[in-house]
Amino acid sequence: MKIYNRVSSFLLTGSLLLTIGSGCLPWQQEAPAAETAEVVDFKAGSTITVGQNWFGITTPSDPIYGKRQIVIDDWQTGLSTKLSWTLKSREETVESVAARAAASKVPVGQIAKIPDPVYVDIDTEGSITTDALGNAERILLPAYWPTGDYDVNGEQNSLLWLSKAQYDELVTERESHIALGLFDSSLQNVLNFGSNVTSALDKLQGKLADGDSTSNTDITKLTAAEDWGSYELLVNGVATKVRTVKASSKLADYVVLANPENPLILKVSIKPLSLGFTMLSSMSLVKSLAGYTINSVSY
């Protein structure tokens, strides 16, 4: 009996040591994803890191380039916010493009000696303000945020969040409506799209021409999945699983933080078939129509 007790004690001690070594005591449990999602909150000084994805495929992770670093300058829960953002990217110089093009023009039988591309860092920044966190109808994709100060107060654009009204509808009835506010008329004039592309963009944003057989409601209708989802997010520097609501429209898929006071849209993936041939034929435009993936939050 004494030998048995000693063996049992040894095994228990060893189990405790292994558990402690893994960073968790046996009476401690990882916080449920639902609880973690509900405690995520923001205040002035909170930060959000956003990467881009194209049709749901996230671009290769890079610690410096291609990620939008967002600081919340002002935060009124469920009402309004002001965000400041910076984005570092790399672009090949005009001289480098020209040099590589010229080097490729050699006669048949010769091997072209193409120089390595030369890149420069491009830093862009801006700020964006909205007062529509409670009643917004649209979200603005970060890929279309203009540089400088941009104010969308009074325009029912909620930036990275579902409005509280949209979230409540989605959770209680599994249906709501949302449009993608890619840009306003002033930006459209700057981009100078042709009429065909402009019509396709209007469709993507839930605007339809006269005579279109599909209703605006159908275009913007958002339907939630039956079950809760989960999403791995870096929260205050710790990899954490949070509970989510997954939803889809004809235009895009959404992953939303399951938090009625802070329904942050963690991921937006535009569906390629929703763009139509006109959109897909313009590669420069397709590259601009990036969805996004939120990588981390700190509050």
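Neighbour counts of other Cβ atoms within 10 Å put Val268, Val94 in the fewest-to-most order Val94, Val268.
Of Thr244, Thr86, the sequence from fewest to most neighbouring Cβ atoms within 10 angstrom is Thr86, Thr244.
Each peptide among 65-75, 226-236 gets the average number of other Cβ atoms lying within 10 Å of its residues, and from highest to lowest they stand as 65-75, 226-236. Sparsely packed loop sites in the range 148-179 (the GluC sites (Glu not before Pro) outside DSSP H, G, I, E and B with at most 16 other Cβ atoms within 10 Å) comprise Glu155.
Step through the table entries Lys43/Lys267; Lys67/Lys241; Lys43/Lys164; Lys82/Lys271; Lys164/Lys250; Lys88/Lys113, compare each Cα-Cα distance with 27 Å, and write down the pairs that go over it.
Details: Lys43/Lys267 21 Å; Lys67/Lys241 21 Å; Lys43/Lys164 17 Å; Lys82/Lys271 29 Å; Lys164/Lys250 22 Å; Lys88/Lys113 31 Å.
Where the Cα-Cα span goes over 27 Å, the pairs concerned are Lys82/Lys271; Lys88/Lys113.
Could you give the length gained by full extension between Asn153 and Lys105, i.e. 0.36 nm per residue of separation minus their alpha carbon distance, to one decimal place? Walk me through the intermediate numbers first.
Working: separation 48, 0.36 × 48 = 17.28 nm, distance 5.28 nm.
That pair, Asn153 and Lys105, stretches by 12.0 nm at full extension.
Subtracting the Cα-Cα distance of Glu125 and Thr93 from their residue separation scaled by 0.36 nm leaves 9.5 nm.
Bear in mind that the values in this text are calculations on the coordinates, not laboratory data. All figures in this text were calculated on a predicted structure; none of them were measured in a lab. Neighbour counts are summed over all protein chains in view; Cβ atoms, including those assigned to glycine, are modelled from backbone coordinates with ideal geometry.
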